[in-house]
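Before any comments, here is the structure.
The values are calculated or read from the model by the stated rules, or taken from the named source; none is laboratory data. The structure displayed is predicted, hence computed values, not measured ones. We place every Cβ from the backbone using ideal geometry, glycine too, and count neighbours over all the protein chains shown. With ligands, DNA and RNA removed, areas are computed over all heavy atoms of the protein, side chains included. Shrake-Rupley method; radii C 1.70, N 1.55, O 1.52, S 1.80 Å.
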Amino acid sequence: MTKTEIKIVNIENKDIHFHISYELKNFKDLICYVKVKNEQEFRKFENSNKIIKRVLSNYLFEEIGKYFVLKASLIDESDEFNGVFEVFETVKVPQELIREVTLKLSEEKVNVELKVQKDFEECEFYERTPFNISDSISAINPIFEVYHDVVLIGKIREENDRIKASNIYNSGEGTIYKCFEEFLTEKFGTSFMFKNISQRSCSHFEVQIKYKIIPNIFE
């Protein structure tokens, strides 16, 4: 699969022309080249080197619908980039698993039931409070809308685990958050970041969070 085109992106009310070409080999390795046509205007932007990679990242996801990680840069300038990428396989959806989480300031472990889904589900352990009447929603930069969402649902089911996770150093919610962080780090490493875009706080022992998976070039 190969393609070449001029992509026009409006940046701070200026139309910047990017000449982009790519070749996807065996649906695994991707060779990309980007050159800014009106480079004099483009070089005026702060962090132009990052901007060109962000434009490329969004373009590739819109075109191919997959995440990529950089294997090697052949050209890495403020107005020109050439690199080799590898397809990154994201987490399987749906899936269910049990994860052991070590409590803070303790060697004790508790089991957290973890579900990976595309959307929220009805709370199993709902406890109404003034703060969880509805889902919380966080604003997100529209540039990230192209990327995939994933919902993590965490539950501490066993009474013994709930007792262990409820003390001055730990909480059920905190333990579930720790479970989510460890899972995402394990599956994605440092190549991506995760924006909490919506949360359903069912109770102290059940939390559901929708994350946007974003390449770390946007940090």
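Things worth noting here:
- Among the trypsin sites (Lys or Arg not before Pro) found in the range 10-59, those both in a DSSP coil and sparsely packed, with 13 or fewer other Cβ atoms within 10 Å of their Cβ, are K28, K37, R43, K44.
- 0 to 90° range, to nearest 10: angle between helix 172-188 axis and the chain longest Cα axis: 30 degrees
- Within the accessible area of the chain (1.4 Å probe), percent carbon and sulfur: 48 percent
- Take the Cβ atoms of D29 and T102, set R0 to 35 Å, and the FRET efficiency comes out at 0.40.
- Loop-located trypsin sites (Lys or Arg not before Pro) in the range 131-214 whose Cβ has at most 16 other Cβ within 10 Å (DSSP): R157
- Contact order, relative form, for the chain: 17 percent (alpha carbon pairs under 8 Å, 6 or more residues apart, mean separation divided by residue count).
- Annotation for the range 111-219: chymotrypsin sites (Phe, Trp or Tyr not before Pro) lying in DSSP loop with at most 16 further Cβ atoms inside 10 Å of their Cβ are F120, F125, Y126, F131, Y169.
- Helical runs assigned H by DSSP (4 residues or longer) give the chain a calculated mean residue ellipticity at 222 nm of -6000 deg cm²/dmol, each run adding -39500 (n - 2.57) before division by the residue total.
- Listed by chain and number, the lysines whose alpha-carbon sits under 17 Å from that of K187, ignoring those within fewer than 8 places in the same chain, are K66, K92, K115, K118, K178, K195, K210, K212.
- Label selected from [x] 17.0, 52; [y] 21.2, 65; [z] 17.6, 56, the criterion being Rg and Dmax of the Cα atoms in Å as computed here: [y]
- Rounded to 10°, Cα long-axis angle of helix 48-64 versus longest principal axis of the chain: 80 degrees
- Accessible area per residue was computed with a 1.4 Å probe on protein heavy atoms; C123 scores about 30 Å².
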